[in-house]
1. Given the conditions (1) in a helix (DSSP H, G or I); (2) touching a Ser or Thr at 6+ places or on another chain (Cβ under 8 Å); (3) closer than 29 Å to ASP195 by Cβ; (4) among the hydrophobic types (A, V, I, L, M, F, W, C), report the number of the one that VAL99 does not fulfil.
2. Return yes or no: is PHE7 of a type in the set (A, V, I, L, M, F, W, C) and either in contact (Cβ under 8 Å) with a residue 24 or more places away in the chain or surrounded by 14 or more Cβ atoms within 10 Å (Cβ to Cβ) (or both)?
3. Is there a residue being farther than 15 Å from TYR277 by Cβ, of a type in the set (Lys, Arg) and either assigned to a loop (DSSP other than H, G, I, E, B) or in contact with a helix residue (DSSP H, G or I) (Cβ under 6 Å, 6 or more places away or on another chain) (or both) anywhere in segment 138-148?
4. Any idea which of ARG2, ARG18, ARG54, ARG67 is within 20 Å of MET201 (Cα to Cα) and not in a helix (DSSP H, G or I)?
5. Kindly list, by first and then second residue, each pair from a residue in segment 60-82 that is more than 18 Å from SER241 (Cβ to Cβ) to a residue that is in a helix (DSSP H, G or I) and of a type in the set (Lys, Arg), limited to pairs with Cβ atoms under 8 Å and residues at least 6 apart or on different chains.
6. All but one of (1) without any contact (Cβ under 8 Å) to a residue 12 or more places away in the chain; (2) away from ligand 1 (no atom under 16 Å from the Cβ) hold for GLU106, so report the exception by its number.
7. Filtering segment 146-155 down to residues that are closer than 18 Å to GLU106 by Cβ and surrounded by fewer than 23 Cβ atoms within 10 Å (Cβ to Cβ), which residue is farthest from ligand 2 (Cβ to nearest atom)?
Amino acid sequence: MRDIDEFSITQAVIEANRNGNARLVTIMESLVRHLHEFAREVRLTEDEWFQGIRFLTETGQMCDEKRQEFILLSDTLGLSTLVTALNNRKPQECTEATVFGPFYVEDSPAVNNGDDIANGAHGIPCFVSGSVHGLDGKPVAAAELTVWQCDDDGLYDVQRPDLDHFQGRARLLTDAEGRFNFRSILAVPYPIPHDGPVGRMLEGLGRHPWRPAHLHFKIEAAGYERLITHIFRHDDKYLDSDAVFGVRSTLISNWTPHPPGAAPDGTPMDQPYYTLYQDFVLCPNSAAEAKGITAR
Ligand code: BEZ
Ligand code: FE
């Protein structure tokens, strides 16, 4: 293998990779083809190549247990939304999935229906209720919902280094009729972390870092596909310019404002509050394959 030039380099790399693990070879062959084609198409200069190397280096250096700059990069480049779409094809009656985001934590506190999951986080009170069903309309009892959201300042608890307890996140189970309810605070729009290389990239591209207000849900139940999604507020100005391309029309719901008075659980409220009612439809395991749902 000598005298490799701009015309023979792509094939030379593909051949050098040929003997590895089959799936890795497939992925790397496609990646090398597209990467080389990209460099040819934009006629990448050496200076630009080095800027790219510096950008990726800084992206890695920005990562720790609390901050995942590479996921932010994937999110802002639309790769996370693409991978979510490719891996969550399902009958259209099922609740759609959207991006996971970087603020989920494994061990959020288990609570009971009716509890306040804000746990001290500031914000306008919001009472959330709803139900979980299968495609056949039957309620799904004992489905585990994990919920997480930011506070009134647009920050998740994990973004507050001084906080020693969870806020605005919890795990709870649906009852025998598939119903759930909890108290929390109103979700607000917030900017994704933009004090690093991804923020500079957005700025250079004339893009803002904002996400429309949303509440995250992960729903798991035996016999059903795991659902990772958000519910968005219908009145948010960023619905059509989400920095991470995660909005689906079917995931936009009405969050209803109420004057002071009795809350849905009977609590006397001396301040205005909101309610959100949301039904989720889970996809039985393998229902998408059974219906022959494939790529468009
Ligand atoms: C989120 O919704 O938590 C999120 C998603 C992608 C990037 C940053 C935040
Ligand atoms: Fe979020």
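The values are calculated or read from the model by the stated rules, or taken from the named source; none is laboratory data. Computed from a predicted model, the values in this text were never measured in an experiment. Backbone-built Cβ (ideal geometry, glycine too); neighbour counts: all protein chains shown.
1. VAL99 satisfies all of (1) in a helix (DSSP H, G or I); (2) touching a Ser or Thr at 6+ places or on another chain (Cβ under 8 Å); (3) closer than 29 Å to ASP195 by Cβ; (4) among the hydrophobic types (A, V, I, L, M, F, W, C) except (1).
2. Working: of a type in the set (A, V, I, L, M, F, W, C): yes; either in contact (Cβ under 8 Å) with a residue 24 or more places away in the chain or surrounded by 14 or more Cβ atoms within 10 Å (Cβ to Cβ) (or both): no.
Taking the combined requirement at face value, the residue does not satisfy it.
3. yes
4. Values: ARG2 fails: within 20 Å of MET201 (Cα to Cα); ARG18 fails: within 20 Å of MET201 (Cα to Cα); ARG54 fails: not in a helix (DSSP H, G or I).
Answer to the check: ARG67.
5. Going by the 8 Å Cβ cut-off, there are no qualifying pairs.
6. Single failed check for GLU106: (2).
7. In the first step, residues of segment 146-155 are kept if they are closer than 18 Å to GLU106 by Cβ; the result is 146-149.
Remaining after also requiring surrounded by fewer than 23 Cβ atoms within 10 Å (Cβ to Cβ): 146-147.
Working: THR146: 13, VAL147: 11 Å.
Filtering first and then ranking leaves THR146.
Conditions (1) in contact (Cβ under 8 Å) with a residue 40 or more places away in the chain; (2) closer than 30 Å to ILE53 by Cα; (3) crowded, with 19+ Cβ neighbours inside 10 Å, marked per residue:
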site	(1), (2), (3)
ARG179	yes, no, no
PRO189	yes, no, no
GLY196	yes, yes, no
LEU205	no, yes, no
PHE217	yes, no, yes
